[in-house]
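Just below is one structure, and these are the notes that go with it.
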Amino acid sequence: MRIEMKKHKILLYNVEYCEGMKGRFLEYLKFWRTFHAPAEITSSLVNMIKSFSPEVLGLIEVDSGSVRSGGQSICRRLSRELGMKGYFEHVKYGERSWKKLLHYVPILNKQSNALLALHPFEETKVEFVRCGVKQAVLCAKVRLGGRDVLFYLVHLSLSAAARKKQLLDLAHIIEFGRGNYPVVLMGDFNTFGGADELDIFLKITGLDLFSRFPTQPAFRPTRQLDYILTSRDIEILEYASLPVQYSDHLPVMMEFVFRDS
């Protein structure tokens, strides 16, 4: 008789700074939301995440305390209201050459990505790919079901040429740091050329792409930009986009168990 294994749930969401756009062109004319995001979007986001109860949450484009969010870190608010003890956020831009200037520009210097978890992170660090503007790779180790898991969170370039180079750097970061741990890589990969852009990366790392479905724009998805990729010691039970429109992206949810050793 097979022993019932503990299931684990992950949620990934590009929240677009809680500005409340669904991806329609005319919505982006509401430029004032860059300076004042609707408060109800964040409240709705909190309630939505609570309803799915993820153990680990990856957030792309989260405001870490600019005037747009009223000076509050959305990530800290979510951590507090969701009861998540693991908390890790970092500005998404590179820290060398002219890109370090973005860390001093109001609003831009609070444009972050974040990882949250029900359990405290055992380790956290930031790595950087070498090209593009969005270069930060968030890395965190968290214990799930008695096993340490390495999580990586990324937001790749809008440029296809830069993405190709970033993926090679990312493969190196993961291969150098993974050891024998299960690996989960998630984020907004901006693969406007389709999931085939990841083929070489997947061959190098051995990570799996479980499903192909569009996640953007939220009101009528036609492009798959958001992914949760896993190492092969993870067995995916459920993988789905969620019909939630608080951003121009759809969130992605994954439920999994660890494969028998």
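The values are calculated or read from the model by the stated rules, or taken from the named source; none is laboratory data. As the structure is a computational prediction, the values presented were derived from the model and not from experiment. Every residue, glycine among them, receives a Cβ derived from its backbone with ideal geometry; neighbour counts consider all protein chains shown.
Pairing each residue of the stretch 123-149 that is under 18 Å from residue 57 (Cβ atoms) and buried (at least 16 other Cβ atoms within 10 Å of the Cβ) with any residue that is small (Gly, Ala, Ser) and modelled with pLDDT under 95, provided the two are 6+ apart or on different chains, yields C-beta distances under 7 Å for 139/177.
I'd like the full set of residues that are of a type in the set (A, V, I, L, M) and more than 17 Å from the chain's Cα centre (by Cα), limited to the stretch 227-261. Across the stretch 227-261, the qualifying residues are 234, 236, 237, 257.
Only a single item in (1) part of a loop (DSSP other than H, G, I, E, B); (2) free of Cβ contacts under 8 Å to residues at least 24 places away in the same chain is not met by residue 37, and it is number (2).
Here the stretch 56-75 is the region considered, the condition is being within 14 Å of the chain's Cα centre (by Cα) and charged (D, E, K, R), and the residue that is nearest to residue 225 (Cα to Cα) is 61.
Among the residues of the stretch 58-116, those identified as of a type in the set (Asp, Glu) and outside any strand (DSSP E or B) are 81, 95. Residues in the stretch 63-113 that are of a type outside the set (S, T, N, Q), closer than 20 Å to residue 38 by Cα and buried (at least 20 other Cβ atoms within 10 Å of the Cβ): 63, 68, 74, 75, 78, 110. Using beta carbons and a limit of 9 Å, which pairs, at least six apart or on different chains, have the first residue in the stretch 227-251 and free of Cβ contacts under 8 Å to residues at least 60 places away in the same chain and among the small types (Gly, Ala, Ser) and the second one in a strand (DSSP E or B) and crowded, with 23+ Cβ neighbours inside 10 Å? From the stretch 227-251, the pairs are 231/184; 231/185; 240/252; 240/254; 241/226; 241/252.
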